[in-house]
Amino acid sequence: SGKWKYRVYVGGNFRNESILNTSRIDADGVTYSRPVNFSGSANSIYSGTGLNHTFEMKNQKLTVDLNVFGNFRSEPFIINEQQGIAINKSIGTNISFNYNLNDILDFSPRYYVYYNHNTYDKVDYQDVNYFNHTLSGEFTIHLPWDMEFQNDLNYQYQPNTIPGFRSSNMMWNAALNK
C-alpha cells in the first residue's frame with residue numbers, strides 16, 4: 001500500500017467588464033438573446049480539498065478518492081430589460097473507487113452530490129435552492145488482441161424540477177474497442 005495523497009486548491013476570477021447575453025421572453029415564452037458589452041463586476045471563487053489512497057494486493061488494486069468543494073459566483077444579467085445580479089453559492093462532495101483485477105478488469109463507481117443556493121439582487125426573483133445527485137460507474141474488461149469492452153453508466157437525480165420535466169435520467173454507453 002502507498003501513502004495517502006492530499007490536495008488543496010483555491011482559485012477565482014474577477015472582472016469589471018463582461019459580454020452578457022441579454023434575454024427577452026415574449027408572451028408565447030419564446031426567448032430572444034443577443035450579446036452586449038456590460039460594465040459591471042462578475043466574480044467567482046472556488047476551492048476544494050481531497051485525499052486519495054491506493055491499496056495494493058497481489059494482482060489487485062483498490063483506489064479510494066474523496067473530495068469536498070465550495071464555490072461562490074456573482075454575475076450580472078439582463079432579462080426583459082431588468083438588470084440584476086445572480087449570486088450562486090454551492091458546496092459538494094464526491095467519492096469514487098477504482099478496482100483493478102490483474103489489469104484485466106476495471107470497475108470504477110462514483111457518487112457526487114452538491115447543494116446550490118441561488119439568490120438575486122436588484123430584481124424581485126425568488127431564491128432557488130436545490131440538490132443534485134449523480135451516481136456513475138465505468139466497467140472495462142481488457143480482452144486478448146488488444147481489445148477492450150467498456151461500459152459507462154450515468155444516473156442523475158435533480159429533485160427540484162418543474163412539473164412536466166423528469167427529475168432523473170440515466171445514460172448507458174457501451175463500446176468494443178481495438
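The values are calculated or read from the model by the stated rules, or taken from the named source; none is laboratory data. What you are looking at is a predicted structure, and each value in this text was computed from that prediction instead of being measured. Glycine also receives a Cβ, built like all others from the backbone with ideal geometry; neighbour counts cover every protein chain displayed. Quick note on the areas: whole protein, heavy atoms, side chains included, nothing else; ligands and nucleic acids left out. Shrake-Rupley method; radii C 1.70, N 1.55, O 1.52, S 1.80 Å.
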All positions within segment 75-114 that are open to solvent by 50 Å² or more (accessible area, probe 1.4 Å) and either hydroxyl-bearing (Ser, Thr, Tyr) or not in a strand (DSSP E or B) (or both): Asn80, Glu81, Tyr99, Asn102, Asp103, Ile104, Tyr111, Tyr112
Segment 13-27, residues that are touching a strand residue (DSSP E or B) at 6+ places or on another chain (Cβ under 7 Å) and either farther than 12 Å from Asn80 by Cβ or among the aliphatic types (A, V, I, L, M) (or both): Asn13, Phe14, Arg15, Asn16, Glu17, Ser18, Ile19, Leu20, Asn21, Ile25
Residue list for segment 160-178, restricted to those being touching a strand residue (DSSP E or B) at 6+ places or on another chain (Cβ under 6 Å) and open to solvent by less than 100 Å² (accessible area, probe 1.4 Å): Asn160, Ser168, Asn169, Asn173, Ala174, Ala175, Asn177
Subset of segment 134-147 that is of a type outside the set (A, V, I, L, M) and exposed (fewer than 15 other Cβ atoms within 10 Å of the Cβ) - its residue that is farthest from Leu105 (Cα to Cα): Trp145
Close pairs (8 angstrom Cβ cut-off, 6 or more residues apart or separate chains): without any contact (Cβ under 8 Å) to a residue 12 or more places away in the chain in segment 14-27, assigned to a strand (DSSP E or B) and not basic (Lys, Arg) anywhere: Asp26/Tyr32
Any hit, segment 162-177, residues being within 30 Å of Gln60 (Cβ to Cβ) and touching a Gly at 6+ places or on another chain (Cβ under 6 Å): no
Lys3, sole failed condition from (1) over 19 Å from Asp121 (Cβ atoms); (2) assigned to a strand (DSSP E or B): (2)
Candidate set: segment 42-58, residues that are over 17 Å from Ser108 (Cα atoms), at pLDDT 90 or above and in contact with an Asp or Glu (Cβ under 9 Å, 6 or more places away or on another chain); chosen: the one least open to solvent (accessible area, probe 1.4 Å): Gly50
Unmet criterion (only one of (1) modelled with pLDDT under 95; (2) part of a strand (DSSP E or B); (3) more than 30 Å from Phe107 (Cα to Cα)) for Asp28: (2)
Residues being open to solvent by 60 Å² or more (accessible area, probe 1.4 Å) and of a type in the set (Phe, Trp, Tyr) - total across segment 60-74: 1
Candidates Val10, Val30, Val36, filtered to the one that is over 16 Å from Ala86 (Cα atoms) and open to solvent by 80 Å² or more (accessible area, probe 1.4 Å): Val10
